[in-house]
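Engineer: I have a structure here, written as structure tokens, and I will follow up with some questions on it.
Rule-based calculations on the coordinates, nothing more; no lab input. Remember, it's a predicted structure, so these values are computed and weren't measured experimentally. Quick reminder, even Gly has a Cβ in these numbers, built from the backbone with ideal geometry, and neighbours come from all protein chains shown.
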Amino acid sequence: MAGSNPNAKPMDLTLKVWRQKNRESAGSMVTYPVKGISPDMSFLEMLDVLNEDLLRGGQDPIAFDHDCREGICGMCSLYINGRPHGPERGTTTCQLHMRHFNDGDTITIEPWRAAAFPVHKDLVVDRSAFDRIQQAGGYVSVNTGGVPDANAIPIGKSIADKAFDAATCIGCGACVAACKNASAMLFVSAKVSQMAMLPQGKVEAKTRVENMVAQMDVEGFGACSNTGACAAECPVGISLENIAIMNREYLSAKATSEHVA
Amino acid sequence: MILDSKIPEGPLAEKWDKHKFNVKLVNPANKRKYDVIVVGTGLAGASAAATLGELGYNVKAFCFQDSPRRAHSIAAQGGINAAKNYQNDGDSIFRLFYDTIKGGDYRAREANVYRLAQVSVNIIDQCVAQGVPFAREYGGLLANRSFGGAQVSRTFYARGQTGQQLLLGAYSALNRQIAYGKVKMYPRTEMLDLVMVDGKARGIVVRNLITGKIESHSAHAVVLATGGYGNVFFLSTNAMGSNATAAWRAHKKGALFANPCFTQIHPTCIPVSGEYQSKLTLMSESLRNDGRVWVPKTVEIAQRLRKGEIRVSDIKEEDRDYYLERKYPAFGNLVPRDVASRNAKLMCDEGRGVGASGLAVFLDFADAIKREGQPAIAAKYGNLFEMYQKITDENPYENPMRIYPAVHYTMGGLWVDYNLMTNIPGLYATGECNFSDHGANRLGASALMQGLADGYFVIPYTIGDYLAQNPTAKVTTDHPAFKEAEQAVIAKNNQLLSINGSRTVDDFHKQLGHIMWDYCGMARNAEGLQFAKGEIRKLREEFWRDVKVVGVNEELNITLEKANRVADFLELGELMVEDALQRNESCGGHFREEYQTPENEALRDDENYAYVAAWEFTGVGNEPVLHKEELKFENVKLTQRSYK
């Protein structure tokens, strides 16, 4: 009805899904056939249909993270056919539609794979490492109240737009999942460069980049080897340039560091 | 029970300043002796938790998502209003106040709304200081746009992602306090009950969504910032996890629930495509600035179009009915949300809807593209057009979009006084969770404003006033009140897990949604509401007899989570119907078919219904008790809203 192709035929698919009871137990791939999938369904709606079938049969439904289903909250996180968020560029899993698959396809669905993102259950992983990196310095130290009038801080449009591009990161973790080293450089650099570009963030730029990078290492993310897979798979198009900006910020911070470490 | 709104005396413009001076202060050294619980980390919750942490209180913050940054405030697209008058186009605090009161169809409190307009200007300053990247002009100053039919340009925005950027700002302030140890964050944790000791809110019972562990947390005050209840309808623009459980369980502990029937149906959403549909996607209202809304002039043409016998391009200009422009020449396509939604429904009811289901109208950009060129339209709405194409597989540059109204926001919520405290001492409700500022209809770009106003600038003052009057002594979670609440939560979970019936939770939820949409949606009447009440009762009984919840409590159990939420929706739905039944008038989002003007416009009854309906819980299946708070209008004249 909503799609332009009302005659598109329902599809039958074979899903191979990672099932894992909890953090401690070993997981394995389990095969599920699904039938009569409408091409207008979203990928997650297809999983809803499977879960309803599993439930009716008294089986445990597949746990996966999702919330807004509008591509903005960053909660959905599936590794589909070997790619984070599946085959469509610039698309989160919740915005991926079944019309991009064909009748008879076999689809593998796994959780994000990274030491810093342990599996809670099935396809649900623990991304709290991202929060802790933000807590290490992803902010401007201002309290509520006592701030200048908003227009007292003019910012050139081109810089504001560039900072905005970096600020659109949704924190889903696809960059980590895409990286062979499970590096979090794209995620961390998006916040570092957003703040470094803006006058509000410049004051603490040095300590911010030092602390966020240090926390990133503590969390067990891998090193960056510049393959660019992160940016290629990022659903919101965060640019690799941010990593270059962060490296520059980090070097200059370290060169003049007040931290002796 | 007497409802005391605690509105300060004095002239409207001086009330808040006077009140801020009159509230009691907590000595800086004593602040660390008080614990505050904040449930929900959207704009209202994250801003409150961060600010209370900055002030020195010990804060515990809770959210059911995996990170506080995921709260559904993040999905707001359009913008945030503020009476900055940066555009020199005649805006003022009084005008924002007036527009909000009028837009709410005169069912909100004057004093609250005026305060909202006052602090709106501080919000923008605060967000910019945090590094929120609002849109700017070439000169480096902030850009504004007119939004949702406002006659002035007072909306600040960050492309189509204003909610995301504001929430990331509040999240960053929250993170700073977490790093300082002033806020302890509990993600993936859901509140399942409120705990009261000696008549005051003293804590909550939560379930750890990973381990299933039931735990208690005590505090001196509890703030609920848990959002709205639009998911009663199953299909809405809310996130999948958005729910009413925290607010509803507080209601069952005695907190009054106000104006539950005031729900906002947003006119520009992508239509339903099939039974599997899990949620609806909003297309920003800003699209109506350039898009023209129309349906075929006759039922016959509409039928042929639906059957695929003709294409949109075959319909001649004179066979198109631009019904909003025709009926409301002054506002045209920019009429407020409730008016636009109701008219779309009217057209489809007449049989002139489009799309295979006939439940859609066109939003057409052909004229705008002809006038300004495709690049200019792409620059304004590119990301929205892309989103539309992703979901529908249609190119909106070539064919008009199809849109239909969808449940979007709930103006009703927990009753609060001027201090945002519910009738339970020590229990506060902020943001969409309360009822206070939007009356019967919320204006565009005002939800973000209210969430941040409550969290950054209201609660920090008013909660101090309460705490200063209460002893610092702590209640431990060994207290019998906590144990009793924990046992009740465990018993309820066990009951849900033991029914082992034949229907899934989603199955019940969808049926409830259909009842609510058909009888308590865009248009309501007494007969339908009576019928719906009976249907909901039947469905609720069936739920507790025949729902199927698998697994155990002691694990990540998505079905158990949903079952708890839907159990509460099945009670709240009945109260919404009850509220819609008692309000024998039409106002804002509440349209009772019996009460309309000859031109099918909402017919308000100020003589009998200028009150807040605050409901008291008396047991599941029992008739709730209605308490009325009379609304006094001393600064605006009540008029019939007219957008002709």
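Engineer: Can you tell me how the stretch A:128-255 classifies by the Cα gyration tensor, rounded, prolate or oblate, using a/c under 1.5 as the rounded cut?
Structural biologist: Working: a/c = 1.86, a/b = 1.53, b/c = 1.22.
Because a/c hits 1.5 or more and a/b exceeds b/c, the stretch A:128-255 counts as prolate.
Engineer: Sticking with this structure for a sec: How do B:SER273, A:SER189 rank when sorted from fewest to most other Cβ atoms within 10 Å of their own Cβ? Before the final figure, lay out the partial values.
Structural biologist: Values: B:SER273 22, A:SER189 32.
So the ranking, lowest neighbour count to highest, is B:SER273, A:SER189.
Engineer: Something else now. Under 17 Å Cα to Cα from A:LYS206, which lysines show up? Leave out anything in the same chain fewer than 8 places away.
Structural biologist: List returned: A:LYS191, A:LYS254.
Engineer: What nm distance separates the two modelled labels at B:ALA366 and B:VAL312, each placed 7 Å from Cα along Cα→Cβ?
Structural biologist: 0.9 nm
Engineer: I'd like the mean, over residues of B:156-168, of how many other protein chain beta carbons sit within 10 Å of each residue's own Cβ. Each step should come with its number before you reach the end.
Structural biologist: Details: counts 1, 0, 4, 4, 1, 6, 0, 1, 9, 3, 0, 2, 10.
What the average comes to for B:156-168 is 3.
Engineer: Further question: Kirkwood Rh, chain A, all Cα pairs: how many Å?
Structural biologist: Details: mean 1/r = 0.0497 Å⁻¹.
20.1 Å is the Kirkwood radius here.
Engineer: Label A:LYS9 and B:PHE94 with points 7 Å out from Cα along Cα→Cβ: what is the distance between them in nm?
Structural biologist: If labels sit at A:LYS9 and B:PHE94, their model points lie 7.0 nm apart.
Engineer: A further question on this structure: Between the stretch B:577-644 and the stretch B:280-359, what is the separation of their alpha carbon centroids in Å?
Structural biologist: 29 Å
Engineer: Helix B:459-468: angle to the longest alpha-carbon principal axis of chain B, degrees 0 to 90, nearest 10?
Structural biologist: With both axes taken from Cα atoms, the answer is about 20 degrees.
Engineer: Further question: What does the C-alpha gyration tensor say about the overall shape of the stretch B:266-408? Classify as rounded when a/c is under 1.5, otherwise prolate if a/b is larger than b/c, or oblate.
Structural biologist: Values: a/c = 1.19, a/b = 1.09, b/c = 1.09.
Rounded, since a/c falls under 1.5.
Engineer: If you don't mind, there's one more thing I want to ask. Give me the net charge for the shell around B:LYS538: Cβ to Cβ below 14 angstrom, other residues only, Lys and Arg +1, Asp and Glu -1. Intermediate values should be presented prior to the final figure.
Structural biologist: Details: positive: B:ARG503, B:LYS533, B:ARG537, B:ARG540, B:ARG545; negative: B:GLU535, B:GLU541, B:GLU542, B:ASP546, B:GLU571, B:GLU574.
Residues close to B:LYS538 contribute a combined charge of -1.
Engineer: With r as the distance between the Cβ atoms of B:GLU14 and B:GLN151 and R0 = 25 Å, compute the FRET efficiency 1/(1 + (r/R0)^6) and round to 0.05.
Structural biologist: Numbers: r = 27 Å, r/R0 = 1.07.
For B:GLN151 and B:GLU14, the calculated efficiency is 0.40.
Engineer: Same structure, new question: Please report B:ASP338, B:ASP393, B:ASP478, B:ASP91 as a ranked list, fewest other C-beta atoms within 10 angstrom at the top and most at the bottom. Walk me through the numbers on the way to the answer.
Structural biologist: Values: B:ASP338 27, B:ASP393 17, B:ASP478 9, B:ASP91 23.
By the 10 Å Cβ count, ascending: B:ASP478, B:ASP393, B:ASP91, B:ASP338.
Engineer: Any of A:LYS121/B:LYS474; B:LYS307/B:LYS562; B:LYS390/B:LYS538; A:LYS35/B:LYS548; B:LYS6/B:LYS253 with alpha carbons more than 28 Å apart? Name them for me.
Structural biologist: A:LYS121/B:LYS474; B:LYS307/B:LYS562; B:LYS390/B:LYS538
Engineer: Taking the simple approach of a point 7 Å from Cα along Cα-to-Cβ for both B:LYS538 and B:GLN389, what is their distance in nm?
Structural biologist: Roughly 4.7 nm, to one decimal.
Engineer: Counting only other chains, and only Cβ atoms inside 10 Å, what mean value do you get across the residues of A:92-98?
Structural biologist: Values: counts 0, 0, 4, 5, 1, 4, 0.
The per-residue average across the peptide is 2.
Engineer: Here's a follow-up. Provide the three semi-axes, in whole Å and in decreasing order, of the ellipsoid equivalent to chain B as defined by the square roots of 5 times the Cα gyration tensor eigenvalues. It would help to have the intermediate numbers written out before the result.
Structural biologist: On the way: eigenvalues 288, 172, 114 Å².
Working from the Cα gyration tensor, I get semi-axes of 38, 29, 24 Å.
Engineer: Here's another thing I want to ask about it. Counting other Cβ atoms within 10 Å of each Cβ, which trypsin sites (Lys or Arg not before Pro) in the stretch B:307-338 have at most 16 and sit in a DSSP loop?
Structural biologist: Working: sites: B:LYS307, B:ARG311, B:LYS316, B:ARG320, B:ARG326, B:LYS327, B:ARG337; in loops: B:ARG311, B:LYS316.
When the trypsin sites (Lys or Arg not before Pro) of the stretch B:307-338 are filtered for loop state and at most 16 Cβ neighbours within 10 Å, B:ARG311, B:LYS316 remain.
Engineer: Can you give the mean number of other chain Cβ atoms that lie within 10 Å of the Cβ atoms in peptide B:207-218?
Structural biologist: 1
Engineer: Distance from the Cα centre of the stretch A:30-99 to that of the stretch B:95-146, in angstrom?
Structural biologist: Taking the Cα centre of the stretch B:95-146 as reference, the centre of the stretch A:30-99 is 38 Å away.
Engineer: Neighbour counts of other C-beta atoms within 10 Å: give me A:THR108, B:THR477 arranged from fewest to most.
Structural biologist: Working: A:THR108 15, B:THR477 18.
The fewest-first ordering by Cβ neighbours comes to A:THR108, B:THR477.
Engineer: If you take all C-alpha pairs in the stretch A:11-121, what percent of them are over 16 Å apart?
Structural biologist: Working: 3606 of 6105 pairs.
Percentage above 16 Å: 59.
Engineer: Still on this structure: Let a ≥ b ≥ c be the square roots of the eigenvalues of the Cα gyration tensor of the protein assembly as shown; is it rounded (a/c under 1.5), or, if not, prolate (a/b larger than b/c) or oblate? The partial results should precede the final answer.
Structural biologist: Values: a/c = 1.15, a/b = 1.04, b/c = 1.11.
Note, shape of the protein assembly as shown comes out rounded.
Engineer: How large, in Å, is the stretch B:480-611 by the Kirkwood hydrodynamic radius built from its alpha-carbon pairs? Could you put the intermediate results ahead of the total?
Structural biologist: Working: mean 1/r = 0.0598 Å⁻¹.
The Cα-based Kirkwood calculation yields 16.7 Å.
Engineer: Let me ask something additional. Is it possible to state the helix-based mean residue ellipticity at 222 nm for chain A, with each DSSP H run of 4+ residues giving -39500 (n - 2.57), the sum divided by total residues, to the nearest 500 deg cm²/dmol? What is it? Walk me through the numbers before you get to the answer.
Structural biologist: Working: 9 runs with 89 residues, N = 261.
So the helix-based figure for chain A works out to -10000 deg cm²/dmol.
Engineer: If you don't mind, there's one more thing I want to ask. Percent antiparallel among DSSP beta bridges with both residues in the protein assembly as shown, to the nearest 5?
Structural biologist: On the way: 59 of 83 bridges.
Among the beta bridges of the protein assembly as shown, antiparallel pairing accounts for roughly 70 percent.
Engineer: On a C-alpha basis, how far is the centre of the stretch B:228-275 from the centre of the stretch B:9-40 in Å? Whole number, if you could?
Structural biologist: After rounding, the separation between the Cα centres reads 30 Å.
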